[in-house]
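Here the structure comes first, spelled out in C-alpha cells, and everything after it is commentary.
The values are calculated or read from the model by the stated rules, or taken from the named source; none is laboratory data. Since the structure is predicted, the reported quantities are computational estimates derived from the model, not experimental observations. Cβ: placed from backbone, ideal geometry, glycine included. Neighbour counts: every protein chain shown.
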C-alpha cells in the first residue's frame, strides 16, 4: 500500500496532473519550441509555469503542516508531534524492567513526603 505524504492535498494532486499533462504535451510535440498547440502558450513555457506552481504549492503545504506541528508541540508536548518526531528519529524503544527496578524508578520520580 502506498502511503500518502502528510502534506498532500486535492489541490496539489490536481496541479500535479496538470503539470504531468503539460510535460507529456511537450514530449509529444517533439520538443519543438514555438509550436502553438491548440492556441496554448508554447509548451516549454507552459511546462515551466506548471512545474513552478506545483513546487510552490508543495512548499507552502509543507510549511503549513510544519507550522501546525510546531503549534501542536507547544500546546501538548507529548501529543502527535512528539510521536512523529520520535518515529522519524527512530527512538521509540520499549524497555522491559523487572518489578524491583520499576519500584526504584517510581520512588525516584515520586519521593515519599512522610519521612
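Residue count for the range 81-97, restricted to those that are exposed (fewer than 12 other Cβ atoms within 10 Å of the Cβ) and at pLDDT 70 or above: 7. Name the residue that is modelled with the highest pLDDT, counting only residues in the range 21-44 that are surrounded by 13 or more Cβ atoms within 10 Å (Cβ to Cβ) and assigned to a helix (DSSP H, G or I). That would be 21. Tell me, yes or no, whether the range 52-70 has at least one residue that is at pLDDT 65 or above, assigned to a helix (DSSP H, G or I) and more than 17 Å from the chain's Cα centre (by Cα). So far as the range 52-70 goes, yes, one or more of its residues are at pLDDT 65 or above, assigned to a helix (DSSP H, G or I) and more than 17 Å from the chain's Cα centre (by Cα).
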